[in-house]
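Here the structure is laid out as structure tokens; the discussion comes afterwards.
The values are calculated or read from the model by the stated rules, or taken from the named source; none is laboratory data. This structure is a prediction, so every number in the text was calculated from the model and none was measured. Here Cβ is always computed from backbone atoms with ideal geometry, including for glycine, and neighbour counts include all displayed protein chains. In case anyone asks, the SASA skips ligands and DNA or RNA and just uses the protein heavy atoms, side chains included. Shrake-Rupley method; radii C 1.70, N 1.55, O 1.52, S 1.80 Å.
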Amino acid sequence: MSKHSNPRALLTPAMRGLLDRVARAGHPPMHALSPSQAKQAYAAGAGVLDIPLHKLPRVESLQIPTRDGAQINAELYAPAAEQPLPVLLYFHGGGFTVGSVATHEPLCRHLAHLAHCAVVSVDYRLAPEWKFPTAVDDAWDSLAWLRDNAPQLRLDASRLAVGGDSAGGTLAAATAIEARDAGWPLALQMLFYPGTGGHQHTPSHKTFGHGFMLETAHIDYFFGHYLRGAEDRNDWRFAPLDGVDATGEVRDLERLAPAWIGLAECDPLTDEGLLYADRLRLAGVAVDIEIYPGMVHGFIQFGRALPQALTSHMDAARALRHAWSG
């Protein structure tokens, strides 16, 4: 993406108005808060512009054991079904530092309804209390647990997808690579504006790094809390686009699950999403990509104000339904 002389002109009028209202509200920026304050502020604001909770006949609280003996919470959302349902394992966004199952409940319920599937949304452990790679390990452990426990939950382990937004998209992408390594087939990796690069130096980071919801200062704040040190930026589990493994090799992406990638046009992460799609395609992976014009990072949770949020939900659900039928 080339540097735009007036990037705000790319925003839709509704998107521009929403950003102006946020600016006028005058809340302190997240990067000026302590991590616990940031968690509270994100939770308080999460539902303001999101769609109402879709009523579903089946909602269950789950506990998933992790490799270090902990238990992490998850929530299962499902429509009515007589047969075992396909299932999407979902990882929420929030820079590995904020966000929760609760902040992404409207999205996950809506996806379950639209895609005619179960969604299991995971409360993986967050920074700064839990540094990299705990979130990656929690994501993988949740997939292993879900595969093993699908029959008891009336879920179809042969039709299992992973997905997430932002940092959750990073976790989903890394989990898809691990699943390939383990020989575990996945129907789809569903990635909303995933972070994929170890270093934030693409043109879209420069163009949209200030004034477009997710800012460079936020990214630095999140990664400063999440990563143990600079070397973690080069780990493929943090940077599936250009990170390396223990031998110093960039991970190959061959034989990965098909990908659906939804990007916001006016987002610092857009270029690394496009670059990851390119790398997947070069590796022979089927990729379906949607770029939502005039949208910013986080827009999929602004469904009360932006029709594009609902469009993105329907596009992702269509990709899931196609994956289930394949």
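Among the residues of the range 4-25, is there at least one that is open to solvent by 60 Å² or more (accessible area, probe 1.4 Å) and closer than 21 Å to Asp123 by Cα? Looking for residues that are open to solvent by 60 Å² or more (accessible area, probe 1.4 Å) and closer than 21 Å to Asp123 by Cα, one finds none in the range 4-25, hence no.
Comparison of Val120, Val59 shows that the only residue that is open to solvent by 40 Å² or more (accessible area, probe 1.4 Å) and either in contact with a helix residue (DSSP H, G or I) (Cβ under 8 Å, 6 or more places away or on another chain) or not in a loop (DSSP other than H, G, I, E, B) (or both) is Val59.
Counting only residues that are part of a loop (DSSP other than H, G, I, E, B), touching a Ser or Thr at 6+ places or on another chain (Cβ under 9 Å) and of a type outside the set (D, E, K, R), the range 254-282 holds 2 of them.
Filtering Phe192, Phe222 for residues that are touching a residue at least 12 places away in the same chain (Cβ under 8 Å), open to solvent by less than 10 Å² (accessible area, probe 1.4 Å) and not β-branched (Val, Ile, Thr) leaves a single hit, Phe192.
Scanning the range 62-92 for residues that are open to solvent by 60 Å² or more (accessible area, probe 1.4 Å), modelled with pLDDT under 95 and among the small types (Gly, Ala, Ser) yields one hit, Ala80.
The set of residues in the range 277-289 being touching a helix residue (DSSP H, G or I) at 6+ places or on another chain (Cβ under 7 Å) and either of a type in the set (D, E, K, R) or open to solvent by less than 10 Å² (accessible area, probe 1.4 Å) (or both) consists of Asp288 alone.
Restricted to helices (runs of 4 or more DSSP H) entirely inside the range 159-246, those with at least 1 residues that are more than 21 Å from Met295 (Cα to Cα) are 167-182, 216-226. The residue of the range 290-316 that is most open to solvent (accessible area, probe 1.4 Å), among those that are in a helix (DSSP H, G or I) and within 18 Å of Gly93 (Cα to Cα), is Leu310.
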